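Colleague: This is the structure I have questions about; it appears just below.
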Amino acid sequence: MTKQISGERKTAYYFGIGLTVIGGLMFFSVFVTAAMNFGDFSNFESNARSSMFRGVGGMALLIVGNIIRSIGARGLAGSGVVLNPQQARSELEPYSRMAGGMVKDALEEAEVELGAGKPERVVMLKCRECGKLNEEDSKFCQECGKPI
């Protein structure tokens, strides 16, 4: 499994982010323009067409940008475009490693030791007379009092 993300995936990720930002700005510009031209109905048809183009185009760029960003981040198999579990596991490995590291960092910050709280092994001795289990350092049975 690779621990690095390929350059093509990084490019797709950043390209997707770029498209998402442009789409968001286009979509948001519809509301800014409407607020600035509130009550002005001159050239209404042209303004409506422009707003419709920016609104629908912005939403389309938001959707396409997020799809490309998701594929760039997780890879083709990791995002479910290609159905190959082995390839998906390989492509998602850097993120799995990162998530495990984040959990470890959080536990260290909370001063929780990994592996703490595991019970120690206890050896018990069975009394030959009554069958009671006694701790290993017992000299006499806790139930019947006979020597072990």
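Coordinate-derived values only; no laboratory data. These numbers come from a predicted model, not from an experiment. For neighbour counting, all protein chains shown are included, and Cβ atoms are generated from backbone atoms with ideal geometry for every residue, glycine included.
Colleague: Can you put V64, V123 in order of Cβ neighbours within 10 angstrom, beginning with the fewest?
Modeller: So the residues, fewest neighbours to most, are V123, V64.
Colleague: Amide H to amide H, which residues 5 or more places from N134 or on other chains are under 5 Å from it, using H placed in the peptide plane?
Modeller: L125, K126, C127
Colleague: Using a Förster distance of 41 angstrom, determine the FRET efficiency expected from the C-beta separation of Y95 and M59, and round it to 0.05.
Modeller: Once the sixth-power term is evaluated, E becomes 0.90.
Colleague: Determine, for D137, D105, the number of other Cβ atoms within 10 Å of each Cβ, and report the residues in order from fewest to most.
Modeller: D137, D105
Colleague: Additional query: Arranged from highest to lowest average of other beta-carbon atoms within 10 Å per residue, in what order do the peptides 87-94, 127-134 appear?
Modeller: Final packing ranking: 87-94, 127-134.
Colleague: Same structure again: Counting only pairs 8 or more residues apart or on different chains, how many lysine pairs in the chain have their Cα atoms under 29 Å apart?
Modeller: Within the chain, the lysine pair count is 9.
Colleague: Oh, and also: Of the labelled options (1) 21.8; (2) 15.8; (3) 17.7, which one gives Kirkwood radius over Cα pairs in Å as computed for this structure?
Modeller: Looking at Kirkwood radius over Cα pairs in Å for this model, the match is (1).
Colleague: Measure nothing but the geometry: give the 0 to 90° angle between the long axis through the Cα atoms of 85-109 and the longest principal axis through the Cα atoms of the chain, rounded to 10°.
Modeller: Once rounded, the angle reads 70 degrees.
Colleague: Just to check I understand the Karplus step: with θ = phi - 60° and J = 6.51 cos²θ - 1.76 cosθ + 1.60, what whole-Hz values come out for the stretch 40-50, glycine and proline as x?
Modeller: 9, 9, 6, 6, 4, 4, 5, 5, 5, 4, 5
Colleague: Right, something else. Roughly how many Å is it from the Cα centre of the stretch 80-146 to that of the stretch 14-68, as a whole number?
Modeller: Centre-to-centre distance over Cα atoms comes out at 55 Å.
Colleague: Additional query: Please return the longest stretch of the chain lacking exposed loop sites, where chymotrypsin sites (Phe, Trp or Tyr not before Pro) count only if DSSP places them in a loop and at most 10 other Cβ atoms lie within 10 Å.
Modeller: Answer - 42-148.
Colleague: Further question on the same structure: Taking the Cα atoms only, what angle lies between the long axis of helix 7-36 and the longest principal axis of the chain, rounded to 10 degrees?
Modeller: The two axes meet at around 50 degrees.
Colleague: Which one of I5, M102, S90 is farthest out on the positive end of the charge dipole of the chain, using unit charges on Cβ (Lys, Arg +1; Asp, Glu -1) and the Cα centre as origin?
Modeller: Ranked along the dipole, the leading option is S90.
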